[in-house]
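The values are calculated or read from the model by the stated rules, or taken from the named source; none is laboratory data. Everything numeric in this text was worked out from a predicted model, so none of it was measured. Positions of Cβ are generated from backbone atoms using ideal geometry, with glycine treated the same way; all protein chains shown enter the neighbour counts. The protein model used for the area step is the full one, side chains on, heavy atoms only, and it has no ligands, DNA or RNA in it. Shrake-Rupley method; radii C 1.70, N 1.55, O 1.52, S 1.80 Å.
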Amino acid sequence: MKNSQKLGGINKLQQNCNHEDLVLQEQISQEIKDEIIQILRKSEENISVQDSIIALKSESFIESHKAIIKLRRTLSNFEQAELVAQENELIPLLFHVIEYGSTNLIKIEAAQIISILAGGRSEITRIIMENGILQLSLSALDSNQSELVMLIITILGKLAGETVKYRDLILQVCSMEKIISKMECKYKSTYIWCLANLSIGRPSPKFDKIKPAFEIFANVILEEFNQQNLKMINDAIWALGYMIDGEPNRIAALIESGVVPQLINLLPMGNFVSILRIFECIFYGTEDQIKYLLECGFIAHIRMIVDPKSREKSGDMIQTFAATETLFKVLSNQNFLISLFRSLSYDNSNLRGDALEVIGNAIQHGTNEDVNQLVKNGLIQYILKMFEIANEKEIAPNHLKKGLEILIKILRKGEIKLKDNKSNQFFILFMQLDGVNIIQKLLSYKQDEVAKYALIFKQEFAI
């Protein structure tokens with residue numbers, strides 16, 4: 001099964017590479033240059049694979065150039081490219097042209113054909129791998145012809161995305177450092193895409209093999225966001241999600257890179273699912289790492305997404321099944337829930353307010369089973385703890401009021417089927433946690449609104 005990200009912009013590759021300029025730079029006579037340029041300018045003509053093989057085997061300089069240009073045009077029709085698997089001679093011959101071709105033009109044309117084929121059926125990619133693309137890549141990556149190197153990077157990226165077996169074989173032969181060393185600004189998005197395909201998939205590559213790309217991805221994410229670099233940023237996000245993989249040390253490196261606040265800002269614009277997967281990994285980290293994510297504004301953004309009042313603004317992010325499923329996994333993660341509840345006692349008032357809104361929405365719109373899950377993870381205990389510390393530290397009155405509202409709704413949910421407090425498991429837990437004395441103290445709270453809600457609580461549950 002393929003695990004690759006799609007490569008953006010490669011279908012415009014021919015426009016990016018000015019072949020006529022390449023011809024003019026060649027050390028050949030002006031007469032031959034003019035003839036090749038005329039071939040390039042002619043209307044598109046097709047050629048059969050067999051005829052192109054015959055021409056490439058000939059010693060004719062012009063005929064071999066003409067054949068490979070026509071073949072590249074023919075194979076741009078992908079249905080024609082699928083037939084190549086039946087011609088076992090072609091791919092080894094194209095490899096020979098890439099390595100020993102008489103001009104940069106013919107090498108690049110041959111590499112473009114291999115790039116087209118590398119995105120094809122598994123049978124074709126198998127032939128490419130078996131005929132020595134990795135050894136060819138090592139020598140081609142030493143070329144000073146940037147277009148040729150970029151095409152080799154494209155081929156490797158496509159093959160890495162085909163199977164994890166190919167990915168690991170590529171990483172054994174072509175190091176990340178080698179690929180990164182060849183990176184040029186004008187082809188940066190292609191390099192990032194290739195590095196991403198070399199970093200993703202299950203099982204994950206050994207981290208030491210892909211670690212050099214970690215900082216590259218982080219720097220891409222930190223770039224100023226625009227529609228031109230959106231695809232590249234999303235590729236980097238996708239790769240980082242696989243790279244950190246819930247490992248505390250890697251999560252620490254992610255935090256130290258400074259990308260977490262940027263990832264939160266990119267939630268409405270970037271790859272929502274991939275960003276959530278990174279955050280899901282962080283929730284398997286340490287308590288301090290999770291706390292850092294929350295304090296960077298994660299809860300505020302999630303609040304906007306799950307709040308029905310703002311759903312219209314955020315709906316585009318959760319329209320797909322994958323997005324909804326990933327969001328549910330994150331929000332039901334036990335470590336996330338416990339950290340969310342703990343934040344009720346933090347000094348960060350804004351974080352506490354956002355957490356209360358998220359919890360309030362979950363209680364209001366969740367099923368009885370959802371509420372039961374929240375209670376099992378300590379929600380009643382953490383709300384009561386917030387009430388207890390209200391006399392020791394400054395807790396906003398509206399936060400205490402919101403906490404009382406949530407607690408009332410939880411206990412009401414416990415009564416829906418039971419009709420009495422004696423069998424209400426939520427109420428029994430409330431009593432066991434000394435909830436009566438804690439609510440009693442709020443009856444004399446300095447803020448009237450808090451005391452009023454405490455009285456409503458007392459009267460409704462007869463405590």
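With θ set to phi - 60°, apply the Karplus curve 6.51 cos²θ - 1.76 cosθ + 1.60 along region 338-354 and write out the HN-Hα couplings as whole Hz, x wherever there is a Gly or Pro.
3J(HN,Hα) across region 338-354, in whole Hz: 5, 5, 4, 5, 4, 5, 5, 9, 6, 6, 6, 5, 5, 5, 4, x, 5.
Output wanted: per-residue J couplings in Hz (rounded whole) for region 98-113, from phi through Karplus 6.51 cos²θ - 1.76 cosθ + 1.60, θ = phi - 60°, x for Gly and Pro.
Going residue by residue, I get 4, 7, 10, x, 6, 9, 4, 4, 5, 5, 5, 4, 5, 5, 4, 5 Hz, with x marking Gly and Pro.
Could you order peptides 424-435, 191-202, 355-366 by the average number of other Cβ atoms within 10 Å of their residues, highest first?
Highest mean packing first, the order is 191-202, 355-366, 424-435.
Given a 1.4 angstrom probe, what's the average accessible area per residue across the chain, in square angstrom?
47
Per DSSP H run of n ≥ 4, the term is -39500 (n - 2.57); total these for the chain, divide by its residue number, and report the mean residue ellipticity at 222 nm rounded to 500 deg cm²/dmol.
Working: 32 runs with 315 residues, N = 463.
Result for the chain, helices only: -20000 deg cm²/dmol.
How much length, in nm to one decimal, is gained on full extension between Asn348 and His96, taken as 0.36 nm per residue of separation minus their Cα-Cα distance? If you can, show how the numbers build up before the last one.
Details: separation 252, 0.36 × 252 = 90.72 nm, distance 6.46 nm.
The span from Asn348 to His96 would gain 84.3 nm if fully extended.
Between region 117-131 and region 425-458, how far is it from one alpha carbon centroid to the other, in angstrom?
Going from one Cα centre to the other spans 69 Å.
Mind putting a number on the dipole of the chain about its Cα centre? Charges go on the C-beta only, +1 for Lys and Arg and -1 for Asp and Glu, and I need it in Debye to the nearest 20.
1760
Hey, can you grab everything whose amide H is under 5 Å from the amide H of Asn377? Only 5+ residues off in sequence or another chain; H modelled, so Pro and N-termini drop out.
none
With r as the distance between the Cβ atoms of Ser48 and Asp142 and R0 = 30 Å, compute the FRET efficiency 1/(1 + (r/R0)^6) and round to 0.05.
Details: r = 34 Å, r/R0 = 1.13.
Calculated value: 0.35.
Add +1 for every Lys or Arg and -1 for every Asp or Glu among the other residues with Cβ under 12 Å from the Cβ of Leu442, and state the total.
+2
May I ask you to give the percent of accessible area on the chain that is carbon plus sulfur, with a probe radius of 1.4 Å?
Solvent-exposed carbon and sulfur of the chain make up 47 percent of the total.
To the nearest 10 Å², what's Phe328's accessible area with a 1.4 Å probe?
The value for Phe328 is about 130 Å².
For Cα extents along the principal axes in Å, pick the label among (i) 126, 124, 56; (ii) 82, 50, 34; (iii) 100, 38, 37 that corresponds to the value derived from the coordinates.
Of the listed options (i) 126, 124, 56; (ii) 82, 50, 34; (iii) 100, 38, 37, (iii) comes from this structure.
Mind ranking 378-385, 332-339, 390-397 by how tightly packed they are, going by the mean number of other C-beta atoms within 10 angstrom, highest first?
Peptide ranking by packing, descending: 378-385, 332-339, 390-397.
Which trypsin sites (Lys or Arg not before Pro) in region 426-458 sit in a loop by DSSP (not H, G, I, E or B) and have at most 16 other Cβ atoms within 10 Å of their own Cβ?
Answer by residue number: Lys446.
With the contact rule set at Cα under 8 Å and sequence spacing of 6 or more, what percent relative contact order holds for the chain? Don't skip to the end; give the middle numbers.
Values: 521 pairs, mean separation 39.1, N = 463.
The normalised contact order for the chain reaches 8 percent.
Relative to the first principal axis of the alpha-carbon coordinates of the chain, what is the inclination of helix 230-244, with its axis defined by its Cα atoms, in degrees from 0 to 90 and to the nearest 10?
With rounding to tens, the tilt is 70 degrees.
In this model, which of Lys376/Lys458; Lys329/Lys409; Lys413/Lys452; Lys57/Lys182 are farther than 30 Å apart at the alpha-carbon?
From Lys376/Lys458; Lys329/Lys409; Lys413/Lys452; Lys57/Lys182, over 30 Å: Lys57/Lys182.
Largest first, how would Arg303, Arg72 line up by accessible area (1.4 Å probe)?
From most accessible down to least: Arg303, Arg72.
Which of Gln262, Ala454, Phe95 sits closest to the plus end of the dipole of the chain, meaning its Cα is farthest towards the positive end, when Lys and Arg get +1 and Asp and Glu get -1 on the C-beta?
Toward the positive end, the furthest listed residue is Ala454.
Can you figure out the FRET efficiency of Asn88 with Gln334, using R₀ = 45 Å and their beta-carbon distance, to the nearest 0.05?
E between Asn88 and Gln334, to the nearest 0.05, is 0.25.
Taking the alpha-carbon centroid of each part, what is the distance from region 28-51 to region 235-299 in angstrom?
52
How large is the convex hull of the C-alpha atoms of region 113-174 per residue, in Å³?
In region 113-174, the Cα convex hull volume per residue is 69 Å³.
What do you get for Rg/Rh over region 176-313 if you use C-alpha atoms and the Kirkwood form of Rh?
Here the Rg-to-Rh quotient is 0.98.
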